[in-house]
Amino acid sequence: MAKIPHRLYLSEEQIPKQWYNLRADMKEQPDPLLNPATLKPVTIDDLKPVFCEELAKQELDGTTRYIDIPEEVQEMYKVYRPSPLIRAYNLEKALDTPAKIYYKFEGNNTSGSHKLNSAIAQAYYAKKEGLTSVTTETGAGQWGTALSEACSYFGLDLTVYMVKGSYIQKPFRKAVIQTFGGNVIASPSDTTVAGRKILAENPNTTGSLGCAISEAVETATTTPNCRYVLGSVLNQVLLHQSIIGLETKIAMEMLGEYPDVVIGCAGGGSNLGGLIGPFMQDKLTGKANPRIVAVEPASCPSLTRGKYAYDFCDTGKMTPMARMYTLGSGFIPSANHAGGLRYHGMSPILSKLYHDGYMEAVSYEQTKVFEAATLFAKKETILPAPESAHAIKGAIDEALKCKETGEAKTILFGLTGTGYFDMTAYESFMNKTMTDYIPTDEDLEKGFASLPKID
Ligand SMILES: Cc1ncc(COP(=O)(O)O)c(C=O)c1O
């Protein structure tokens, strides 16, 4: 049999023309988003002041299995897709494992991560609706970069509230967003009521995604012809990210492979939800039974130590409430270098699947994650984003288990992005100043105290 190639690229014609909506195959739907004023499920009319109408429809659509990707979005996808499926031969050799390790590499575009898949879709729908601007938050800076690229392409103004910790740590990430035309504000800021309130309560905070979301939503709803867009958590974002899993499944089929285990890092759940889509479909419909593993930071353990409860998606309690695994919207995680994984909640779709036993979750301390990241960089010649390195660590641990048992399992993981703007983090790992703060039960209790009392 011919050796499996190092990298497999699909042809342009093989790029899927429809997204896959995982909810259509779920035995039970995730609980609906609630309007915090009425505690009733949100309607399109509730969502329209915040989101573009088409995206609001996608958010609430739990039944349409496949949704056409608009032609303009397909054309932009072709600029950087398909992304390669890579066999990690060198890493396998270094680990001396019988396992076969594959990764889907989404960092091979100018924005540096998978976030572009949803940014293009969301900017397209905003422009089509006749909006002139959008607002958003960014943690690691990857989503802000991707959206800034997409907005400049479609001709929309953009304001990005960037979590202060990342804003300070990654000045060049900010400069990239600005180069594409985005206006970047460190969050919490004094430009919004929500930001001023958070600053008054905690003047030295390094911010969080939850704070930045509050500021972006407030600005969107108080600016004419402007809406808010979000890079993770929401059902619509998982829908757009399904392009990752759909391409992966085709590529694996071409190789005659099927994963025993699928692994992804989980911040708000968009890359993981996208990667696992078609494999979870097989699991839900009884065609196959791969293990699905979410990897999160020990400093922000929403799945592994959070509660499955209704909560706000932001710190300022302005958004609809979602039933999800959460640490409480008031929880501010310690300054972990994986800014994109510092979110208090998790996608309601993934939360439901995890709650119903279709998924597993593990958490790692950041020093262990960076050990894995540097080994991977040396062997596979890609410098991973700290977020993505969580999935690498998960895959390495699975491969090492195979070494012990002698099983030649097929491991698939999502490599969501590159870490070239994260060199402060790599430096602190190399000079051993990196620390691991794991929240105590007491810390978590403080976050849980901020949960709305409705369950
Ligand atoms: C490179 C990268 N990977 C993963 C994530 C986590 O987000 P999600 O869980 O939505 O995929 C982020 C978020 O910023 C990111 O920048």
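Return the Rg/Rh value of the stretch 104-168, two decimal places, where both radii are evaluated on C-alpha atoms and Rh is the Kirkwood radius. Here the Rg-to-Rh quotient is 0.99. With the simple model of a label 7 Å out from the Cα in the direction of the Cβ, Glu201 to Lys40 spans 2.9 nm.
Expressed as a fraction of 2.2 N^0.38 Å, the rule-of-thumb size for a compact globular protein of N residues, what is the C-alpha radius of gyration of the stretch 259-393?
Working: Rg = 15.0 Å, N = 135, 2.2 N^0.38 = 14.2 Å.
The stretch 259-393 yields a ratio of 1.06.
Computed from the C-alpha gyration tensor, the three semi-axes of the ellipsoid equivalent to the stretch 184-327 are 35, 17, 13 Å, from longest to shortest. A crude spin-label estimate for the pair Glu72 and Ala94, with each label 7 Å from Cα along the Cβ direction, gives 4.3 nm.
Would you mind giving the average projected area, over all directions, of the Cα convex hull of the stretch 39-137 in nm² with one decimal?
Numbers: hull surface 41.2 nm².
Computing the convex hull of the Cα atoms and averaging its projections yields 10.3 nm².
Fewest-first ordering of Ile392, Ile86, Ile15 by other beta carbons within 10 Å of each residue's beta carbon gives Ile15, Ile86, Ile392. Helix-only arithmetic for the chain: the sum of -39500 (n - 2.57) across DSSP H runs with n ≥ 4, divided by the residue total, places the mean residue ellipticity at 222 nm at -12500 deg cm²/dmol. So what does log10 I(q)/I(0) come out to for the stretch 324-406 at q = 0.14, 0.15 Å⁻¹, using the Debye formula with one equal point on every Cα and no solvent? So the normalised log intensities are -0.61, -0.68.
If the only charges are +1 at each Lys and Arg Cβ and -1 at each Asp and Glu Cβ, what is the size of the charge dipole of the stretch 339-409 around the Cα centre, to the nearest 20 debye? Mind dumping the intermediate values first?
Numbers: 9 positive and 10 negative charges, 31 e Å.
So the dipole magnitude of the stretch 339-409 works out to roughly 140 debye.
When +1 charges are put on Lys and Arg Cβ atoms and -1 charges on Asp and Glu Cβ atoms, the dipole computed for the chain relative to its Cα centre reaches about 480 debye. As a ratio to 2.2 N^0.38 Å, the alpha-carbon radius of gyration for the stretch 54-108 is 1.77.
Taking a point 7 angstrom from the Cα of Asp356 along the C-beta vector, which residues in the stretch 290-311 have backbone N less than 18 Å away? The answer is 290-294, 308-310.
For the chain, the relative contact order works out to 19 percent when only alpha carbon pairs closer than 8 Å and six or more residues apart are counted. Taking a ≥ b ≥ c as the square roots of the Cα gyration tensor eigenvalues, with a/c under 1.5 meaning rounded and otherwise prolate when a/b beats b/c, else oblate, which class fits the stretch 404-455? Since a/c reaches 1.5 but b/c is at least a/b, the shape of the stretch 404-455 is classed as oblate.
Compare the Cα positions of Tyr325, Leu284, Thr315 along the charge dipole of the stretch 272-325 (+1 at Cβ of Lys, Arg; -1 at Cβ of Asp, Glu; about the Cα centre) and return the one farthest towards the positive end. The listed residue farthest towards the positive side: Leu284.
Ellipsoid semi-axes for the chain, based on the Cα gyration tensor and the rule √(5λ), read 31, 25, 22 Å when sorted largest first. What residue among Ser189, Ser232, Leu209 has its Cα farthest toward the positive end of the dipole of the stretch 170-280, where the charges are +1 on Lys, Arg and -1 on Asp, Glu, each on the Cβ? Positive-most Cα among the choices belongs to Ser189.
What FRET efficiency do you get for Lys128 and Lys17 if R0 is 25 Å and r is their Cβ-Cβ distance, rounded to the nearest 0.05? Write out the running numbers ahead of the final one.
Working: r = 18 Å, r/R0 = 0.72.
The pair Lys128/Lys17 has a calculated efficiency of 0.90.
For the stretch 199-350, the antiparallel share of DSSP beta bridges with both residues in that region comes to about 55%. Just so you know, the Cα atoms of the stretch 145-212 work out to an Rg and Dmax of 12.6, 39 Å. Diffusion coefficient (Stokes-Einstein, Kirkwood radius over C-alpha pairs, 4 °C, 1.567 mPa s) for the stretch 93-207: 83 µm²/s, rounded to a whole number.
Among the DSSP beta bridges whose two residues both lie in the chain, what percent are antiparallel, rounded to the nearest 5? DSSP beta bridges in the chain are roughly 35 percent antiparallel.
Under 1.5 on a/c is rounded, so check that first for the stretch 359-455, then, if it is not, pick prolate when a/b is larger than b/c and oblate when it is not; a ≥ b ≥ c are the square roots of the alpha carbon gyration tensor eigenvalues. Each step should come with its number before you reach the end.
Details: a/c = 2.13, a/b = 1.35, b/c = 1.58.
In terms of gyration-tensor shape, oblate.
Computed from label points 7 Å out along Cα-Cβ, the spacing between Glu28 and Thr110 is 4.7 nm.
Sorting the Cα pairs of the stretch 1-52 by distance into bins of 5 Å, from 0 upward, gives 4, 12, 11, 12, 14, 11, 9, 9, 6, 5, 4, 2, 0 percent per bin.
If you put +1 on each Lys and Arg Cβ and -1 on each Asp and Glu Cβ, how big is the dipole of the stretch 243-343 around its Cα centre, in Debye rounded to 20? Walk me through the numbers on the way to the answer.
Working: 9 positive and 8 negative charges, 78 e Å.
Rounded to the nearest 20 debye, it is 380 debye.
Any read-out appearing in this document is the output of simple, stated calculations on the displayed coordinates, not a laboratory observation. From a predicted model like this one, the values you see are computed outputs, not experimental measurements. All Cβ positions, glycine included, derive from the backbone under ideal geometry; neighbour counts span all protein chains shown.
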